[in-house]
Amino acid sequence: MLQSKTFKQKVLEVVSKIPKGKALSYKEVAKRAGSPKAFRAVGNILNKNYDSKIPCHRVIRSDGKAGGYNRGIKAKIKKLKEEKVL
DNA sequence: CGTATGACGTGCA
DNA sequence: GTGCACGCCATAC
């Protein structure tokens, strides 16, 4: 089954694979997940499946803005600054 | 199965 | 340059 992992699982895995000090945009993550146009679902999935192992704070918009964060958008920006990603 | 929602992106006024 | 509206994909209910 090619779809043993749903888009959701792929996105979570890709995000969890983001190296430290690096940030990928929703579009990039969606592309790596298998659907470059599903950046919409990426945000939706992360929002419902945020895990401590998933540096969702490293996923930002193409505008260079953070976008949102289940723990507080401010915390996300702060973390990005701490990682020198921003 | 169909509907509603969402942490986006792009285009146009 | 800013603001508004539409469209897109996947998930959850």
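Here, each number is a calculation from the coordinates, and none is a lab measurement. All values derive from a computational prediction rather than experimental measurement. Here the Cβ is made from the backbone with ideal geometry for all residues, glycine too, and neighbour counts use every protein chain on show.
Each Lys and Arg adds +1 at its Cβ and each Asp and Glu adds -1 at its Cβ; summed about the Cα centre, chain A shows a dipole of about 120 debye. Along its three principal directions, the equivalent ellipsoid of chain A from the Cα gyration tensor extends over semi-axes of 21, 12, 12 Å, largest first.
Relative contact order of chain A: 29 percent, from C-alpha pairs under 8 Å at least 6 residues apart in sequence.
Taking the longest Cα principal axis of chain A as reference, the axis of helix A:73-82 is set at about 80 degrees. Compute the whole-percent fraction of alpha carbon pairs in region A:38-79 spaced more than 17 Å apart. Result: 21 percent of Cα pairs exceed 17 Å. Of all the options A:Gly68, A:Gly43, A:Gly21, the one that moves most in a Gaussian network model of chain A with Cα springs shorter than 10 angstrom is A:Gly21.
Candidate cross-link partners of A:Lys74 among the lysines, defined by an alpha-carbon separation under 21 Å and a same-chain spacing of 8 or more, comprise A:Lys20, A:Lys22, A:Lys48, A:Lys53, A:Lys65, A:Lys84.
Which order, highest average first, do A:28-36, A:45-53, A:12-20 follow once you tally other Cβ atoms within 10 Å for each residue and take the mean per peptide? Walk me through the intermediate numbers first.
On the way: A:28-36: 18.9, A:45-53: 13.6, A:12-20: 16.1.
Order by mean packing, descending: A:28-36, A:12-20, A:45-53.
Extension gain, A:Glu13-A:Asn70: 0.36 nm per intervening residue step, less the Cα-Cα distance, totals 18.7 nm.
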